[in-house]
Amino acid sequence: MAARAGKSQEMDPGIWGHLPVELLEHVLSFLPLKSFFNLLCTCKRFKSLIYSPSFLAKYSPSSSSSSSSPALSSFLLLSHPQFYRHRLPLYDSAIGNWRNLSLTCSILLPYAATTAITLLSAANGLLCFSLPNSSSFLVCNLLVGSSRVLQFPGYPFAFEMLTLVPAPDGYKIFMIASGSSSNNAWVYDSGVHSWREFQGFDPTLSDNCHQGVYCNGVLYFCTSEPFSIVCFDLESGVWDRSVVELPGELTFVKLVSDGEGKLYLVGGIGRNGISKSMKLWELEGENWVLVESLPEFMCQKLVSVCYHNYEHVYCFWHQETICVCCYTWPEILYYKVARRTWHWLPKCPSLPDKWSCGFRWFSFVPELYAQV
């Protein structure tokens with residue numbers, strides 16, 4: 001009886017291999033999105049079903065039955081110059097576990113095997129890498145297995161503040177191309193697969209900003225002291241300067257957007273370039289309204305790990321959380337907006353102790369339907 005019971009629990013290929021397509025699609029729709037990482041290489045039938053027109057029509061975010069679509073998994077992705085030939089650590093913020101994103105997949109292997117590609121920006125499930133020794137970028141959706149090489153219309157060139165942002169019909173890439181005669185803004189539009197050049201770049205940004213903060217079709221940047229906020233309209237290419245007065249006694253300024261219209265400011269408070277405290281504000285109308293102050297002992301740790309060099313500090317939004325990071329430190333200070341609490345995320349356990357700089361964190365939410 002025990003043997004028969006054990007045998008009855010086995011999956012009969014004759015039955016499970018011939019499930020109706022509609023039933024199989026329905027079963028797949030209940031899987032967490034991270035399971036698709038493993039599912040894609042299981043068999044050709046599963047892969048074809050996931051990207052079939054009927055599956056996409058039923059379970060895409062824009063469909064009426066989007067509540068049945070696969071559950072999103074969200075990750076904090078850590079990059080470092082010495083990771084690129086092997087893997088990128090991922091922290092699953094939903095379950096608190098670490099995993100690795102392999103760079104030996106078919107998309108990245110031709111580049112990662114020969115040179116050190118660099119992750120520059122991430123948005124809506126897409127990753128943007130620079131390709132060394134060329135004037136090209138690689139935009140890819142690792143979940144789907146799609147990619148596109150974007151050739152910049154000029155070589156040689158240097159660039160700054162590259163930012164990948166979502167758009168209604170795909171995505172846009174903003175950057176400042178540093179040439180011998182001018183520093184102009186360039187925008188790539190995936191909807192028309194072309195670059196546009198815009199003049200009028202404010203040079204005071206170059207020493208203080210690493211990438212723009214996207215909110216309602218506009219990129220926001222902070223200038224060097226005296227601190228101010230300038231913005232760039234991605235559609236018109238027009239620069240403007242915000243007239244909203246910033247809080248006083250700021251030692252550094254970092255901006256964060258929740259992607260839904262809210263703009264936050266993370267700033268150090270002190271004098272002579274030394275931060276004694278750090279506070280968080282939210283832009284409400286024409287005023288910056290104080291939201292929370294960082295506890296003193298956490299502030300002391302933050303300023304000590306960045307050595308009061310606040311150009312090493314950067315911030316980003318990740319799933320209802322504001323993350324404060326430093327290029328010289330492998331941990332994340334984060335603020336849970338709903339709970340109004342501050343925390344430290346310890347460093348990745350597989351990270352070698354000898355690595356002391358070059359850390360860069362990204363918010364990575366895999367998206368099945370993000371097109372390159």
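Laboratory data are not the source of any read-out in this text; all were calculated from the coordinates shown. Note that this is a predicted model, so its numbers are computed, not measured. Reconstructed Cβ throughout: ideal geometry from the backbone, glycine too, with neighbour counts over all protein chains shown.
Each of the peptides 327-336, 277-286 was scored by the mean count of other Cβ atoms within 10 Å over its residues; in descending order, highest first, they stand as 327-336, 277-286. Cross-link reach is defined here as a Cα-Cα straight distance under 14 Å, omitting same-chain residues fewer than 8 places apart; for residue 279 the aspartates and glutamates meeting it are 249, 292, 296.
Among 348, 326, sorting on how many other beta-carbon atoms sit within 10 Å of each Cβ, with the fewest leading, yields 348, 326.
For residue 262, the aspartates and glutamates whose Cα comes closer than 12 Å to its Cα, not counting residues fewer than 8 places off in the same chain, are 282, 284, 320. With the simple model of a label 7 Å out from the Cα in the direction of the Cβ, residue 271 to residue 169 spans 5.6 nm.
A Cβ-based charge dipole, computed about the Cα centre of region 261-372 with Lys and Arg at +1 and Asp and Glu at -1, lands at about 300 debye. For a 32 Å ceiling on Cα separation, which of these pairs sit above it: 254/354; 276/354; 44/336? Checking Cα-Cα distances, 44/336 exceed 32 Å. Overall size of region 274-344 from C-alpha positions, given as principal axis extents largest first: 34, 26, 21 Å.
Beta bridges per DSSP, both residues in region 173-332: antiparallel share near 100 percent.
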